[in-house]
Amino acid sequence: MKLDLSCPIELRGYVLSYSGGTPCASVRLYNLSNRRIASFEAIAKWKCSGSERGVAMPFSAERLRAGAENGFKISLTCDRLPDADQLDIVFTLVRFEDGCDDWRAGEGVVVDVAPIGPISLENLEMLKSAAGSDAVCFPEQDSVTWRCVCGRVNHESEENCARCRRSRKTALSFTPERVREACPPAASHESEEAVIEEMRKSYLSQRSGLMRRTLAMAIAALALTVLLVMQYRPNAVNASAEIISVYSQSLPQEE
């Protein structure tokens, strides 16, 4: 994807839906500048990955009042390519609320930007712990650009990320090796299972002990009752002894 690094608006992502056979996109944008954006002109490039057909549709967005260094959303539709499933936006003109110094395409460096590479959930969690919650990838650098941990690609002459404002030195320090040293992996899945199994055994042991104590108290109460009965009904001794024997046999055995 071609990216004009001087453009004050950044495409952050989009969600596609289909209404009556027409693709609709909820587009997330970000104002990289420290000035409020009033409007912009751009070209929406829709593409169908299956047929590789595409269509370019110029459009404009007015009365935005997009805050400085903040995100905002727009909605787009494409009735000329019903099976479109991809979208790119090329910005051509950006106007600011202060009325001065409009941005126009062609004033900055244009570079090819590759998609962010995959990262495992474990590595992403460690990276976020070390670099911050907005981190999405490990940093990269070549002769022309450097990619910040927030995902933004910046020109090699820039000392701070255009999006998150991290310094280049700080961003590039979050290498996989250093992140793993700073944030060792969490305990393995097997260790977690061992802890759970130990807790289960402890629970069963406590429950078994409670049952034994409860039955012991019941037998003691029964024995006291037998002694009282014996004073008045000696013939009940044998029957009472049998009952005590049955209760004793029902006690849980020690493991």
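Since every read-out is calculated from the coordinates, none of them should be taken as a lab result. Just so it is clear, the structure is predicted and the values come from calculations on it, not from any experiment. Glycine gets a Cβ as well: all are built from the backbone with ideal geometry, and neighbour counts include every protein chain shown.
Report the gain in length on full extension from residue 102 to residue 51: 0.36 nm times residue separation, minus Cα-Cα distance, nm rounded to one decimal.
On the way: separation 51, 0.36 × 51 = 18.36 nm, distance 3.77 nm.
Stretched out fully, the residue 102 to residue 51 stretch lengthens by 14.6 nm.
Highest-first packing order for the peptide set 138-144, 44-50 is 44-50, 138-144, based on the mean count of other beta carbon atoms within 10 Å. Gyration tensor over the Cα atoms of segment 121-182: the corresponding equivalent ellipsoid has semi-axes (square roots of 5 times the eigenvalues, largest first) of 20, 11, 9 Å.
A cut-off under 13 angstrom between Cβ atoms defines the neighbours of residue 171, and their net charge, with Lys, Arg +1 and Asp, Glu -1, is +3.
Arranged from highest to lowest average of other beta-carbon atoms within 10 Å per residue, in what order do the peptides 175-183, 110-118 appear? Spell out each step's value before the answer.
Values: 175-183: 13.2, 110-118: 11.1.
Packing order, densest peptide first, comes out as 175-183, 110-118.
Go through segment 37-82 and name the GluC sites (Glu not before Pro) that are in a DSSP coil and have 11 or fewer other Cβ atoms within 10 Å of their Cβ.
Numbers: sites: 41, 52, 62, 69; in loops: 52, 62, 69.
Taking segment 37-82 and a limit of 11 other Cβ atoms within 10 Å, the loop GluC sites (Glu not before Pro) found are 52, 62.
Near residue 56, once Lys and Arg are set to +1 and Asp and Glu to -1 for all other residues with Cβ below 12 Å from its Cβ, the sum equals +3. Count Lys and Arg as plus one, Asp and Glu as minus one, and take only other residues whose Cβ is under 15 Å from that of residue 94; the net charge is then -4. Applying a threshold of 30 Å to the alpha-carbon distances of 128/201; 2/128; 47/169 flags 128/201; 47/169 as lying beyond it.
Placing a label point 7 Å from the Cα of residue 2 along the Cα-to-Cβ direction, the residues of segment 32-73 with a backbone N closer than 12 Å are 43.
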